Amino acid sequence: MKYDYSNIESKWQKIWEEKETFKAVDDFSKPKFYGLVEFPYPSGAGMHVGHIKAYSGLEVVSRKRRMEGYNVLFPIGFDAFGLPTENSAIKFNVHPRQLTDKNIEKFSSQLKRAGFSFDWDRVIDTTEEDYYKWTQWIFLKMFENGLVFRDTALVNYCPSCKVVLSNEDSQGGKCDICHSDIVQKSKVVWYLRITEYADKLLEGLEKVDYLPNVKTQQVNWIGKSRGAFVDFAVKGTDEKLKIYTTRPDTIFGATFMVIAPEHPIIDNNKDKISNFDEIEKYREECAKKSEFERTQLVKDKTGVCLNGITGINPISGKEIPIYAADYVMMGYGTGAIMAVPAHDDRDYDFAKKFGIDIIEVIKGGDIEKEPYIGEGKMVNSDFLNGYTNKKDAIAKMISVLEEKGVGTGGVQYKMKDWAFNRQRYWGEPIPIIHCDKCGMVPVPYEELPLKLPNVNNFEPGEGGESPLAKIDDYVNCKCPVCGGDAKRETDTMPQWAGSSWYFLRYIDPHNDSFLAAEDKLKYWLPVDWYNGGMEHVTRHMIYSRFWHKFLYDIGVVPCDEPYAKRTAQGLILGPDGEKMSKSKGNVVDPNQVVDEFGADVLRVYILFMGDYGSATPWSDSSVKGCKRFLDRTFDLFEIAKGKGVTPELESAFHKTVKKVTSDIEEMKFNTAIASMMALINKIYEVGHLTTDELKTFVSILCPFAPHISEELWQMLGETELLSVSPWPTYDEAKCKDSTVEIVIQINGKIRDRLEVSAEANAAEVIAIAKASEKIAPLVEGKTVVKELYVPGKLVNIVVK
RNA sequence: GCGGGUAUGGUGAAAUUGGCAAACACGCUAGAUUCAGGUUCUAGUGUCGCAAGACUUGCAGGUUCAAGUCCUGUUACCCGCACCA
């Protein structure tokens, strides 16, 4: 018999909705569990099977927690500001608000069809005024605390779309939207001073439970390095050239200096540099190079020597040439380096190309052939000669530098300050007013939210300014401080803004006087378990940890880390084993699967297909196997009626409950499902079962396939909802078998298998083994060197 | 280049963390059943071999009574970062 999944699933979805089964209550006396999944961007394409996988993991955990008696907060929302919506708004000439509402509706109905146990009363939408009011509020608090600043920077600009693009949208030097070439353009950029929190973000990792690779990715992203800043005098000028190095110990090997082409020292000494024209020309060439070319042509070093000025090594006193080259970036360190070609790959390449001296200061390699990066005995280095330990040499050098007043120890981070603006319409307006007299003035808190004005045209303006710049009513305003004429900032916040604090709003989504009430924050925080994609563990997670730490510092939130635990799901690949994409035509539509097999089958299959954290290809035929499993489970109801249970089956039940209980905690959903399948197979073999056992079975199945489980629960005569009934317990004693099969090995090779009592001790089992027909002749006449017994598993007899 | 990961039957994958390799599922083969069917059931299915048995976790070594698991080297692929001084 096939069960009527379509009616059963809509029936229970309706009941859950009516009874508000999954509503989180603010009952502070109960133990809480806050499970968080990354809220989706509601694209026009609708949901993807990847979304289902991303939510199914914590869906199972949350459902189990509810059955275990926890007060569970398992919310969902929509991260709805962003470029794709704005682009289709332009394309179809529809307001992004309308598109967003339509897409959210589509997503919501699809999520409900999958039977997810989200609390639908707490849905948030980052584009709603009630929400972005608080995004702006946090921004103003950061402004107030000196974490917001403006600077000019080179940005990726698409001349055809007239739009400034993020690095992510301009990969390969081509515009993501129109595929034309991107140029570098100088623009005023808003920054958040995230680097101020670099150390706190690093230290915080020590006390959270993130997957190890999540942690290392964050550590690498922050990219802390220790080294020294050293001042080199510039001969012929009064200036000093400050450099950053992680290897101050190699300073005696510095044979030249390199500065970024944009380095200000060039313009400052225009008259002293005899080949200034040549340098100017080189700079132009560099500016024309896209980010793409600059990184692709890694091997091919270019540069120009600054004739007329030279650097003086403050330790050795040696005079060395200064080059401008684009392998040194203005954005890292001081934009200037001392080059030690003997012990650095890049400096070595450059020195070889330009015929500069290479001086060995660390023994161990052959610098004629290649630079030597490793450790070794120091030579040609005056007071450092003889040092063999890098750490000691660095410490010694730093102390000498400090003594002489020509340098200090210091740290640098790869992480840069967060460029926090976009020249776009569909984002949170930056609540700042520019006044000629008063400078940058924040919009007063009581005037928040600063609403996005309603416009009909979302095309960016000439030169890439925001569409908001074209609206005179919006731009022209009065200065809140002096009352004079002023102009509003027209840039909006980037997509990452709204998602940096959304987990706080879920805690108190309808609060209109604060972002969330203090007592509720105290109860629900931190998020107990956060699951999402690996692609978000650097940007999104670091940004939101930064915001959270800031909110902690100003006393808004009660803990300094937002997420206690972080896991990640793997991708679902197309049936061809490739990443799903429209252009490859290998995208699986979850709706079709629900239509054909039901939501329970979709959920079970997605969790069964492989390890939750790994990428696994989709297989239509394997989906059928999961359908068969649920069909057989449903049919069991008829088979089992009124029959007893065998002791063997009873033990199998306890084992299965134990396995499913622990597997869920480790996100080993695939083996949890496999063990339930094995149990069903066993029941069919035996053909006996009581209703109590069947109830236990549907209870552990419930988090995976909740609709069929509720239906069977009701058919078994229960009137309460299974979703809020207790999680079954198991008896450890009944998980053990009375007899066990022991493998008998001779010299590590399996020669026999014997059934023995589970209580037998080592000596008994070995005696039984030696007496066995197959083993006795193999031991006879030989010297037994060793006898090993692994309880309940095997005996290994080593003979000579 | 740097960092992280993966490699197991025809396929997706398991393996209590050093103790029976291939659980569970797909597919395939044979038979039964109901058909118009893509349904269901039973048996078989790592490779070689009639068999006893031997071999088998990308490749080459090593440690161990015992290695998919630990160590050394090597190859291929995937992901992240990328001239970070």
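The values are calculated or read from the model by the stated rules, or taken from the named source; none is laboratory data. What you see is a predicted model; the values in this text were computed from it and never measured. So basically every Cβ, Gly included, is an ideal-geometry build from the backbone, and we count neighbours across all protein chains shown. Accessible surface is based on the protein model in full, side chains and every heavy atom, while ligands, DNA and RNA are left aside. Shrake-Rupley method; radii C 1.70, N 1.55, O 1.52, S 1.80 Å.
By the helix-only formula, in which each DSSP H run with n ≥ 4 contributes -39500 (n - 2.57) and the sum is divided by residues, chain A has a 222 nm mean residue ellipticity of -11000 deg cm²/dmol. Residues whose amide H lies under 5 Å from that of A:Leu515, counting only those 5 or more places away or on a different chain, are absent; hydrogens are built 1.01 Å from N in the peptide plane. Tell me, what % of the accessible area of the range A:661-800 is carbon and sulfur with a 1.4 angstrom probe? Taking all protein chains in place, the range A:661-800 shows 52 percent carbon and sulfur surface.
Taking each of A:Lys11/A:Lys102; A:Lys270/A:Lys391; A:Lys582/A:Lys668; A:Lys187/A:Lys240 in turn, the alpha-carbon distance tops 32 angstrom for A:Lys270/A:Lys391.
Simple point charges give the picture: +1 on the Cβ of Lys and Arg, -1 on the Cβ of Asp and Glu, and for the range A:725-800 a dipole about the Cα centre of about 480 debye. Of the whole protein surface, A:Arg753 contributes about 130 Å² of accessible area at a 1.4 Å probe radius. Between the amide H of A:Ile322 and those of A:Met257, A:Leu306, A:Gly311, distances stay under 5 Å, these residues lying 5 or more places away or on another chain, with hydrogens modeled in the peptide plane. Calculated accessible area for the range A:439-543 comes out at 41 Å² per residue, all protein chains present (probe 1.4 Å; ligands, DNA, RNA ignored). The spacing between the range A:582-619 and the range A:632-704, judged by their C-alpha centroids, is 24 Å. Take every Cα pair under 8 Å whose residues are at least 6 apart in sequence, average their separation, divide by the length of the range A:653-721, and the relative contact order is 26 percent.
Once the chain from A:Lys224 to A:Asn93 is taken as fully extended at 0.36 nm per residue, the excess over their C-alpha distance is 42.5 nm.
Protein heavy-atom accessible surface, 1.4 Å probe, per residue over the range A:32-143: 29 Å². For A:Asp485, the solvent-accessible surface computed with a 1.4 Å probe is close to 120 Å², ligands and nucleic acids excluded. The modelled label-to-label distance between A:Glu518 and A:Asp130, using points 7 Å beyond Cα along the C-beta direction, is 2.4 nm.
Normalised by the number of residues in chain A, the average gap of Cα pairs under 8 Å and 6 or more apart makes the relative contact order 14 percent.
The separation of the range A:450-485 from the range A:312-356, counted between C-alpha centres, amounts to 47 Å.
Multiplying the residue separation of A:Arg632 and A:Lys565 by 0.36 nm and removing their Cα-Cα distance gives an extension gain of 20.5 nm. A full extension of the chain between A:Arg753 and A:Cys735 corresponds to an added length of 4.3 nm, given 0.36 nm per residue minus the alpha carbon distance.
Compute the relative contact order of the range A:35-114 as a whole-number percentage, counting only Cα pairs closer than 8 Å that sit 6 or more residues apart in sequence.
41
Run the paramagnetic zone check for A:Asp4: 7 angstrom along Cα to Cβ, then residues of the range A:669-712 with backbone nitrogen under 12 Å. The answer is none. Each residue, A:Thr388 and A:Ala287, gets one label point 7 Å from its Cα in the Cβ direction; the gap between the two is 5.4 nm.
Spin-label model, A:Lys200 to A:Glu20: label points 7 Å out along the Cα-to-beta-carbon direction sit 3.7 nm apart. Taken about its Cα centre, chain A carries a charge dipole of about 1360 debye when Lys and Arg each add +1 at the Cβ and Asp and Glu each add -1 at the Cβ.
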